[in-house]
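Here the structure is laid out as structure tokens; the discussion comes afterwards.
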Amino acid sequence: MEKALQVKIVSPEKIVYHGPAQSVQVPGEKGSFEVLYNHAPIISCLVQGVVRCVGKESMEIRIAGGFIDVNDNFVSICIEPEVSMD
């Protein structure tokens, strides 16, 4: 079995994603960055952009902002979804 991150992405309304991923890409305040297995612990603010989880069930979501917490291969992301102005 391949090593995977355990990822949980939540918004104020619901759990957006909960499951494994090989990598997570997020829009950080100082530029986009990627989290891989055994990433160093980090807490960071997120800015407007796209969060991508890559794995068996890959997904992406546009966000207005939020924050990420990475510790022991657990990735918690709290997001404010981007509001569509259609």
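The values are calculated or read from the model by the stated rules, or taken from the named source; none is laboratory data. These numbers come from a predicted model, not from an experiment. A quick note on method: Cβ atoms are made from the backbone with ideal geometry, for glycine too, and the neighbour counts reach across all protein chains shown.
Quick one: which residue in V35, V50, V26 is of a type in the set (V, I, T) and either more than 17 Å from E80 (Cβ to Cβ) or not in a strand (DSSP E or B) (or both)?
V35
Quick one: P81 ticks every box in (1) surrounded by 15 or more Cβ atoms within 10 Å (Cβ to Cβ); (2) at pLDDT below 95; (3) touching a Phe, Trp or Tyr at 6+ places or on another chain (Cβ under 6 Å) except a single one, so which number is it?
Status for P81: all satisfied but (3).
For the stretch 7-14, check the following and say yes or no: at least one residue is surrounded by 16 or more Cβ atoms within 10 Å (Cβ to Cβ), at pLDDT 95 or above and in a loop (DSSP other than H, G, I, E, B).
Within the stretch 7-14, none of the residues are surrounded by 16 or more Cβ atoms within 10 Å (Cβ to Cβ), at pLDDT 95 or above and in a loop (DSSP other than H, G, I, E, B).
Output yes when any residue across the stretch 39-62 is modelled with pLDDT under 95, in contact with a Ser or Thr (Cβ under 8 Å, 6 or more places away or on another chain) and either exposed (fewer than 13 other Cβ atoms within 10 Å of the Cβ) or of a type in the set (F, W, Y) (or both), and no when none is.
Looking for residues that are modelled with pLDDT under 95, in contact with a Ser or Thr (Cβ under 8 Å, 6 or more places away or on another chain) and either exposed (fewer than 13 other Cβ atoms within 10 Å of the Cβ) or of a type in the set (F, W, Y) (or both), one finds none in the stretch 39-62, hence no.
Against the conditions (1) surrounded by 16 or more Cβ atoms within 10 Å (Cβ to Cβ); (2) at pLDDT 95 or above, where does Y17 fall short? Just the number, please.
Just one mismatch for Y17, condition (2).
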